[in-house]
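Since the structure comes first, as structure tokens, the remarks are kept for the end.
The values are calculated or read from the model by the stated rules, or taken from the named source; none is laboratory data. Since the structure is predicted, the reported quantities are computational estimates derived from the model, not experimental observations. We place every Cβ from the backbone using ideal geometry, glycine too, and count neighbours over all the protein chains shown. These area figures cover heavy atoms from the full protein model, side chains too; ligands, DNA and RNA do not enter into them. Shrake-Rupley method; radii C 1.70, N 1.55, O 1.52, S 1.80 Å.
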Amino acid sequence: MKTLIHPTAVIHPDAELHPTVEVGAYAVIGAQVKVGPETTIGPHVAIEGCTEIGARNRIFPGAAIGFEPQDLKYSGASSLTKIGDRNTIREYVTINRATGEGEATAIGNDNLLMAYVHIAHNCEIADRVVITNTVQLAGHVRIENHARIGGVLGIHQFVHIGELAMVGGMTRIDRDVPPYMLVEGNPSRVRSLNLIGLKRAGISPDDLSLLKKAFRLIYHSEESFKQALEQLTELPQTPYLFHLLEFLRQSITADRRGPIPGRQRRSSHE
């Protein structure tokens with residue numbers, strides 16, 4: 001019979017681990033941790049705080065999950081870390097719990113977090129996101145479905161990254177990345193549509209044609225940014241176009257950082 005928990009692992013008696021969970025050597029699991037079926041926890045992993053981990057996740061050696069946020073405002077609140085199903089969390093990833101009482105740092109399903117990624121307090125990562133090695137997320141970052149984040153870069157606090165967006169490696173991300181766009185550089189700029197990602201996602205030729213029209217209108221026309229948004233409403237409101245328009249509208253509200261501009265605009269607010 002296979003031994004699922006290594007004898008050197010330290011697991012608090014109040015932790016809730018499904019009988020099929022595997023735990024490697026010298027792992028440490030705290031009292032408020034819950035882990036779902038068929039999740040594997042590698043050697044030297046540490047999981048603390050009120051942390052819920054779903055089914056069939058793979059957590060590689062040295063990862064640290066659910067520890068206090070690196071936030072000077074944190075005062076001991078009972079906050080959460082929530083991780084869904086089928087995620088791959090590679091070596092030395094750090095995921096901090098949220099800052100405020102009852103708040104959560106949340107990761108969805110089927111994500112790949114490569115080595116040395118840092119997920120700060122109150123971040124929200126949706127589903128099927130790939131975050132490459134040594135990416136550092138500050139607090140309150142949101143990443144939508146199917147986004148791809150290149151390696152060795154930082155993402156400013158409160159930034160939102162839209163679905164099916166692609167961020168090139170070593171790019172400085174200090175403003176919102178619109179859905180379906182390819183962004184790279186320092187300062188970062190929207191370079192084009194993420195055509196490869198969109199085609200891999202199975203977008204129809206008609207939807208792709210509309211997004212190309214929207215891209216030209218926003219980033220290559222003589223219209224101001226707000227005028228371009230108004231003209232977007234005149235195009236057929238497919239789900240892709242509607243989501244792009246709503247994302248950009250929200251991005252220019254007072255509590256957001258605004259979208260990353262294109263190459264031919266000094267500012268996306270112009």
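Could you work out the relative contact order of the stretch 87-196, using alpha carbon pairs under 8 angstrom and six or more residues apart, expressed as a whole percent?
On the way: 352 pairs, mean separation 17.8, N = 110.
Over the stretch 87-196, the number comes to 16 percent.
How large is the charge dipole for the chain, taken about the Cα centre, if only the Cβ atoms of Lys, Arg (+1) and Asp, Glu (-1) carry charge, to the nearest 20 debye? Don't jump to the answer; show the numbers that get you there.
Numbers: 28 positive and 29 negative charges, 185 e Å.
Approximately 880 debye in magnitude.
Starting from the Cα of Lys199, draw a straight line to each of the lysines and keep only those under 28 Å, dropping any in the same chain fewer than 8 residues away.
Lys212, Lys213
Using +1 at the Cβ of each Lys and Arg and -1 at the Cβ of each Asp and Glu in the chain, identify which of Ala55, Ile218, Gln237 lies farthest towards the dipole's positive end.
Ile218
What does the helix-only formula give at 222 nm for the chain: each DSSP H stretch with n ≥ 4 adding -39500 (n - 2.57), the total divided by the residues, and the result rounded to the nearest 500 deg cm²/dmol? Kindly include the intermediate steps, with their values, before the conclusion.
Values: 4 runs with 42 residues, N = 270.
Mean residue ellipticity at 222 nm (helix-derived): -4500 deg cm²/dmol.
Quick check on the chain: of the DSSP beta bridges with both residues there, what percent are antiparallel, nearest 5%? Could you put the intermediate results ahead of the total?
Values: 5 of 60 bridges.
In the chain, approximately 10 percent of DSSP beta bridges are antiparallel ones.
Suppose all protein chains stay in the model; what accessible area per residue would a 1.4 Å probe give for the stretch 10-80, in Å²? Walk me through the intermediate numbers first.
On the way: 3400 Å² over 71 residues.
Per residue, the stretch 10-80 has 48 Å² of solvent-accessible surface.
Quick check: from the Cα gyration tensor, does the stretch 119-167 come out rounded (a/c under 1.5), prolate or oblate? Each step should come with its number before you reach the end.
Details: a/c = 1.68, a/b = 1.12, b/c = 1.50.
Because a/c hits 1.5 or more and a/b fails to exceed b/c, the stretch 119-167 counts as oblate.
Would you mind getting the Kirkwood hydrodynamic radius of the chain from its Cα pairs, rounded to one decimal in Å? The partial results should precede the final answer.
Working: mean 1/r = 0.0512 Å⁻¹.
Every distinct Cα pair counted, the radius reaches 19.5 Å.
Rg to Rh ratio, the stretch 1-77, alpha-carbon atoms and Kirkwood radius? The partial results should precede the final answer.
Values: Rg = 12.6 Å, Rh = 12.7 Å.
Using only Cα positions, Rg/Rh for the stretch 1-77 is 1.00.
Run through the stretch 217-268 and list the GluC sites (Glu not before Pro) located in a DSSP loop whose Cβ has at most 14 other Cβ atoms within 10 Å. Intermediate results must be reported in sequence, preceding the final value.
Details: sites: Glu222, Glu223, Glu230, Glu234, Glu246; in loops: Glu222, Glu223, Glu234.
Passing sites in the stretch 217-268 are Glu222, Glu223, Glu234.
Straight-line reach only, C-alpha to C-alpha below 17 angstrom: list the aspartates and glutamates that Lys73 could link to, leaving out same-chain residues fewer than 8 apart.
Here the aspartates and glutamates satisfying the reach criterion relative to Lys73 are Glu101, Glu103.
Considering the alpha-carbon set of the stretch 201-270 alone, what are its Rg and its Dmax in angstrom?
12.1, 35
On the principal axes of its Cα set, how long, how wide and how thick is the stretch 197-241? Give whole Å, largest value first.
Here the spans come out as 32, 18, 12 Å, largest first.
Provide the per-residue ³J(HN,Hα) series for the stretch 156-164, in order, calculated from phi with Karplus coefficients 6.51, -1.76, 1.60 and θ = phi - 60°, each as a whole number of Hz, with x at glycine and proline positions.
Per-residue couplings from phi come out as 5, 4, 6, 6, 10, 10, x, 5, 6 Hz.
Which of the aspartates and glutamates could be linked to Lys226 by a straight reach, that is with a Cα gap under 17 Å, when you skip same-chain ones fewer than 8 residues away?
Correct list for Lys226: Asp176, Glu234, Glu246, Glu270.
Highest mean first, what order results for 7-14, 174-181 on Cβ atoms within 10 Å? Let's see the in-between values first.
Values: 7-14: 11.8, 174-181: 25.0.
In decreasing order of mean packing, 7-14, 174-181 become 174-181, 7-14.
Quick one: in the stretch 1-144, what % of C-alpha pairs are over 27 Å apart? Walk me through the numbers before you get to the answer.
Working: 1375 of 10296 pairs.
When every Cα pair of the stretch 1-144 is considered, 13 percent fall beyond 27 Å.
Under a GNM of the chain (C-alpha, springs under 10 Å), which listed residue has the highest mean-square fluctuation: Val21, Val183, Val93?
Checking each option, the largest mean-square fluctuation is seen for Val21.
Restricting things to alpha carbons, find the Rg to Rh ratio for the stretch 128-270 using the Kirkwood radius for Rh.
Answer for the stretch 128-270: 0.94.
Dividing the convex hull volume of the alpha carbon atoms of the stretch 150-215 by its residue count, what do you get in Å³ per residue? Provide the component values of the computation, followed by the final result.
Details: hull volume 5.0 nm³, N = 66.
It is 76 Å³ per residue.
Towards the positive end of the charge dipole of the chain, with charges on Cβ (+1 Lys, Arg; -1 Asp, Glu), say which of Leu193, Val141, Ile5 has the farthest Cα.
Sorting the options by dipole projection puts first Leu193.
How would you order 65-73, 127-135 from highest to lowest mean count of nearby Cβ atoms within 10 Å?
On the way: 65-73: 17.2, 127-135: 19.9.
Peptide ranking by packing, descending: 127-135, 65-73.
Taking the Cα atoms only, what angle lies between the long axis of helix 239-251 and the longest principal axis of the chain, rounded to 10 degrees?
It works out to around 90 degrees.
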